[in-house]
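Notes follow once the structure below has been shown.
The values are calculated or read from the model by the stated rules, or taken from the named source; none is laboratory data. All figures in this text were calculated on a predicted structure; none of them were measured in a lab. Every residue, glycine among them, receives a Cβ derived from its backbone with ideal geometry; neighbour counts consider all protein chains shown.
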Amino acid sequence: MKQIKIHGGKTLSGTINISGAKNSAVALVPASLLSDEEVKIDNIPNISDIDALNEILEYLGADVKREGSLMTINSRNIENKEIPEKISKKLRASYYFMSALLGKYKKVEMYFPGGCSIGARPIDQTLKTFRALGAEVIEENNKFTITAERLVGTTISLDMPSVGATINTLLAAVKAEGETVLKNAAKEPEIVSVATFLNNMGAKIIGAGTSEIRIEGVEHLGSCFTEVIPDRIEAGTYLLAGALIGDNLTIKNVIPEHISSLTSKLKEMGFSMEIGRDYINISKQSNLKPIKIKTLGYPGFPTDLQQPITTLLTQVDGVSYLEETIYENRFQNVPYLNVMGANIEINNRTLKINGKTELVGTTVKATDLRAGACLVLAGLIAEGTTTITDIKHVLRGYENIIEKLRSVGADIDLEEV
Ligand code: EPU
């Protein structure tokens, strides 16, 4: 088992380069099999979620090459067979294979996907879309057998703007007959990146990034090249590290617009940052103001930064409030922060963070990916040594986190125990 050890209190200075976005890459890789030719995706992050998707591609018989951050995928000779549960439950994004295989072969057999345990995370909206396009869905013992004689475009309105259901609709409808109109679509940059990727292959998708997406089905998708967009959540996490203990920490290779909901909250707290075309420079500041945050779909404040920013709010004098509207169980980091010295109350979906509190290192557990990120941030400022166990969750989503933090001055190690 791997764990992270941090000796806190070291100032962070220098530059951290942001990797390709996990939540974009994990959709692009399954989407690649819709192409009848070779596709190349660059800026793929080296994280274990990508390894799991690679495993599925190779299991299906795709020809996959990984050279550094470049992934070349040729799915011409794949066999559309049942994807075993032990692979699909490794991550949430495995269900992008459901829609990609359905879209290409009109048949797919696979199990309920995995992912961080942060709430129920049903897939009813994706299944509703498949049915609306004309597929039959049979669910038995956690296994889904989805078949369609024809997939025919139609108008679908999502009950909530789900990222996964929006991407799954793109993948299932891109080769359907006629036009699909998706209403109440999610607007995250990761969706725009998938639509752009498919359009580069020859798809006809307009409106991605707005709440109405139109997909005109095409018969053939060909070769293409794309680059994964920078990871806005990784960027936000390191920006928060800089806010906590930075001295001119530069976060490089970011699209600042993608995290403007975070930078505007930091400004409201009293931070001044230098925001360039593809970088943000930040330093720790004093006299911060408490704030109220509510998580929302893009362009609102992302749920994926809710746990990381909790650490920062423990360092502000006064009472801050943080409302989580997306997931019902995304506060598992809070008991650990409290053990470290924070004073946070959980009231249903809202945290009341009473600051400022000194944090002291101890042994804590990464219950999920962003809880782990929150605890890494806490360890960076805590007095003494913080040991974070169950770190596999963090390694699923943050490329080279140890090396990146060490390169700017953190005293952090990965240990095998
Ligand atoms: N929902 C349903 N039914 C559905 C789909 C979603 O009720 O069929 C609900 C969910 O339970 C949740 C809300 O709708 O309450 C939003 O879920 P969404 O489908 O948007 O999330 P997702 O696609 O499962 C992706 C990211 C998450 C990120 C969310 C929201 C990937 C692989 N995962 O999840 O990332 O939190 O969008 O932005 O792209 C993370 O990176 O730590 C992470 C959890």
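Do we find a residue being within 16 Å of the ligand (Cβ to nearest atom), among the small types (Gly, Ala, Ser) and under 17 Å from LEU171 (Cα atoms) anywhere in segment 61-80?
Restricting attention to segment 61-80, the residues satisfying the condition of being within 16 Å of the ligand (Cβ to nearest atom) are none.
No, segment 61-80 contains no residue that is within 16 Å of the ligand (Cβ to nearest atom), among the small types (Gly, Ala, Ser) and under 17 Å from LEU171 (Cα atoms).
Sort through ILE44, ILE73, ILE87, ILE78 and tell me the only one that's β-branched (Val, Ile, Thr) and under 18 Å from the mean Cα position of the chain (by Cα). If you could, list the steps in order and put the result at the bottom.
Working: ILE73 fails: under 18 Å from the mean Cα position of the chain (by Cα); ILE87 fails: under 18 Å from the mean Cα position of the chain (by Cα); ILE78 fails: under 18 Å from the mean Cα position of the chain (by Cα).
From the options ILE44, ILE73, ILE87, ILE78, the qualifying one is ILE44.
Consider SER99 carefully, then state whether it is under 28 Å from VAL394 (Cα atoms), touching a Phe, Trp or Tyr at 6+ places or on another chain (Cβ under 6 Å) and of a type outside the set (D, E, K, R). Can you show your working first?
Numbers: under 28 Å from VAL394 (Cα atoms): yes; touching a Phe, Trp or Tyr at 6+ places or on another chain (Cβ under 6 Å): no; of a type outside the set (D, E, K, R): yes.
So SER99 does not fit the description; no.
If you scan segment 33-57, which residues turn out to be crowded, with 22+ Cβ neighbours inside 10 Å, touching a residue at least 60 places away in the same chain (Cβ under 8 Å) and either more than 21 Å from ASP231 (Cβ to Cβ) or among the hydroxyl-bearing types (Ser, Thr, Tyr) (or both)?
LEU33, LEU34, SER35
Filter segment 249-287 down to the residues that are assigned to a loop (DSSP other than H, G, I, E, B) and either crowded, with 18+ Cβ neighbours inside 10 Å or not small (Gly, Ala, Ser) (or both) and list them by number.
As a first pass, look at segment 249-287 and keep what is assigned to a loop (DSSP other than H, G, I, E, B): 253-255, 270-273, 276-278, 283-287.
Passing the criteria: ASN253, VAL254, ILE255, PHE271, MET273, ARG277, ASP278, SER283, LYS284, GLN285, ASN287.
Return the residues of segment 83-129 that are more than 16 Å from the ligand (Cβ to nearest atom) and either farther than 22 Å from LEU34 by Cβ or in contact (Cβ under 8 Å) with a residue 60 or more places away in the chain (or both); say none if nothing qualifies.
GLU85, LYS86, LEU101, GLY103, LYS104
Here's a check for you: in segment 130-143, which residue that is in a strand (DSSP E or B) and modelled with pLDDT under 95 is farthest from the ligand (Cβ to nearest atom)?
Going through segment 130-143, the residues in a strand (DSSP E or B) turn out to be 136-140, 143.
With the extra rule that they be modelled with pLDDT under 95, the set shrinks to 139-140, 143.
Numbers: GLU139: 13, GLU140: 19, LYS143: 17 Å.
By that ranking, first place goes to GLU140.
Suppose we filter LEU305, LEU322, LEU312 for residues that are within 16 Å of the ligand (Cβ to nearest atom) and either modelled with pLDDT under 95 or assigned to a helix (DSSP H, G or I) (or both); which single one remains? Full working, then the answer.
Values: LEU322 fails: either modelled with pLDDT under 95 or assigned to a helix (DSSP H, G or I) (or both); LEU312 fails: within 16 Å of the ligand (Cβ to nearest atom).
Only one candidate passes the filter, namely LEU305.
Within segment 150-167, which residues are within 12 Å of the ligand (Cβ to nearest atom) and in a loop (DSSP other than H, G, I, E, B)?
If the condition is that a residue be within 12 Å of the ligand (Cβ to nearest atom) and in a loop (DSSP other than H, G, I, E, B), then LEU158, ASP159, MET160, PRO161, SER162 are the ones that fit.
List the pairs whose first member sits in segment 169-196 and is within 15 Å of ALA100 (Cβ to Cβ), whose second member is more than 11 Å from the ligand (Cβ to nearest atom) and modelled with pLDDT under 95, and whose Cβ atoms are under 8 Å apart, counting only residues at least 6 apart or on separate chains?
Here the result reads none, with nothing in segment 169-196 linked to a residue that is more than 11 Å from the ligand (Cβ to nearest atom) and modelled with pLDDT under 95.
On the given criteria, is ILE191 assigned to a helix (DSSP H, G or I) and touching a Ser or Thr at 6+ places or on another chain (Cβ under 9 Å)?
Details: assigned to a helix (DSSP H, G or I): yes; touching a Ser or Thr at 6+ places or on another chain (Cβ under 9 Å): yes.
Criteria met by ILE191.
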